Amino acid sequence: MIGVGKAKQYANVLDKPLSRGRQEVSLSAFAFLFSELVQYNQTQVDNIAELERRLEDAGYAVGARVLELLCHREKGNRRETRLLGILSFIHSTVWKVLFGKVADSLEKGTEHEDEYMISEKELLVNRFISVPKDMGAFNCGAFVAGIVRGVLDSAGFPAVVTAHFVPIEGQQRPRTTILIKFAEEVLRREARLG
Amino acid sequence: MTLSRLLRCAGVSTAIHRFYPVSVGNQQFVFWIMASTACFVIVSRNDIPIYEAEVGSVLKKEEAAHLHQFILHAALDIVQDLAWTTSAILMLLHDSRNEDGIKSFFQDVHELYLKILLNPLYLPGSRITSSHFDTKVRALARKYL
């Protein structure tokens, strides 16, 4: 039952401690909520691109908060100033907290200097979702791409982040790749910092 | 260039006793003590102040406004220069007096700010209007300063 428990009642949220609390959330509850989120947004938009953008914006809000919270909880108030630092922070810490495991892989793009990819065999948010053919290349992983963009943006590394399906030989379900393309200023600053 | 030199160059004669620009995460918290007034400002990205508090007696209004802006921008410049050289969230740039109290004050206010940020209805970078937050910050100011 919802709401049953022995949680101490606080008058105001500012008085509640920022402790870790319960680490786990029910997967079915999340899947249900996420499916409602997608369906609600579907009724509000006319095309696929807009739907992806909305999911991304929803993820962005999550990402901004996750960054601050994790810096406070996990890293004892230290923040990342280098590119590789923030990428490995996302790839391990953020993924661990959100999805219970580290991401499958983190790769640097071969064609462009400013591209990086985080891959996952099956994104948690996509586990119970199948996309109909007429929606083309739509990927609900846009939500996760939004989370990554939120984290990067709030840390001072503006980037364009998108989610793509990558078909793999011998597997029925394609792998999902989050493609991160950093803005010019990030690369310039990285070069300057040496 | 230290702040007092900067102010003297600008011809502003003021008794600024202590001055602490602090970079905390993505926001900059600036705090300074002038005569008997202590002023604390939280500034978001794009240099927009999202929270201000003055503790103690208040200076003459007209002078105060300009001065606050000036000090604020000078502080932000100093912080931004150093922001990428360190991975610390809390940078205290000042002549060290009362260091522990100030540090604890900023840590506690940072925690309060985190709680505000976690509110899904709060737009990051907008003004903090919660009176409860205001009360708590002033209580912390009284406690640590």
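What follows is calculated from the coordinates using simple rules that are stated; it is not laboratory data. Since this is a predicted model, take the numbers as computed values, not measurements. Glycine also receives a Cβ, built like all others from the backbone with ideal geometry; neighbour counts cover every protein chain displayed.
For segment A:8-105, chymotrypsin sites (Phe, Trp or Tyr not before Pro) meeting the loop criterion (DSSP other than H, G, I, E, B) and having at most 13 other Cβ atoms within 10 Å: A:Y10. Summarising the amide proton neighbourhood of A:D104: residues at separation of 5 or more, or on other chains, whose placed amide H is nearer than 5 Å comprise A:S119, A:K121.
From the cross-link list A:K16/B:K103; A:K16/A:K121; A:K16/B:K143; B:K115/B:K143; A:K16/A:K96, which pairs have alpha carbons spaced over 31 Å apart? Can you show the working numbers first?
Values: A:K16/B:K103 21 Å; A:K16/A:K121 38 Å; A:K16/B:K143 19 Å; B:K115/B:K143 20 Å; A:K16/A:K96 24 Å.
Beyond 31 Å between Cα atoms: A:K16/A:K121.
Taking amide H as placed 1.01 Å from N in the peptide plane, A:A163 has its amide H under 5 Å from the amide H of A:L179, each at least 5 places away in sequence or on another chain.
Take each residue of peptide B:110-120, count the partner chain Cβ atoms within 10 Å of its Cβ, and average: the result is 5.
Counting only aspartates and glutamates at least 8 places from A:K101 when in the same chain, those with an alpha carbon closer than 17 Å to its own are A:E24, A:E74, A:E120, A:E122.
Return the sequence-ordered ³J(HN,Hα) values of segment B:113-129 in whole Hz as given by the Karplus equation 6.51 cos²θ - 1.76 cosθ + 1.60 applied to θ = phi - 60°, using x for Gly and Pro. Result, rounded to whole Hz: 4, 4, 5, 5, 5, 5, 5, x, 8, 8, 7, x, x, 9, 5, 8, 10. Mean residue ellipticity at 222 nm, helices only, chain A: -13000 deg cm²/dmol; runs of at least 4 DSSP H residues each add -39,500 (n - 2.57), and the sum is divided by the number of residues. Taking 7 Å steps out from each Cα toward its Cβ at A:S35 and B:K103 produces label points 5.2 nm apart.
Extending 7 Å from the Cα toward the beta-carbon at both A:Q172 and B:D134 defines two label points whose distance is 6.0 nm.
Shielding value for A:59-68 is 3, the average number of Cβ atoms from other chains within 10 Å of each residue's Cβ. For segment A:112-182, applying the loop criterion from DSSP together with a ceiling of 14 other beta carbons within 10 Å to the GluC sites (Glu not before Pro) yields A:E113, A:E122, A:E169.
With the cut-off at 1.5 for a/c, could you classify chain A from its C-alpha gyration tensor as rounded, prolate or oblate? Display every interim value, and only then the final one.
Details: a/c = 1.75, a/b = 1.08, b/c = 1.61.
Note, shape of chain A comes out oblate.
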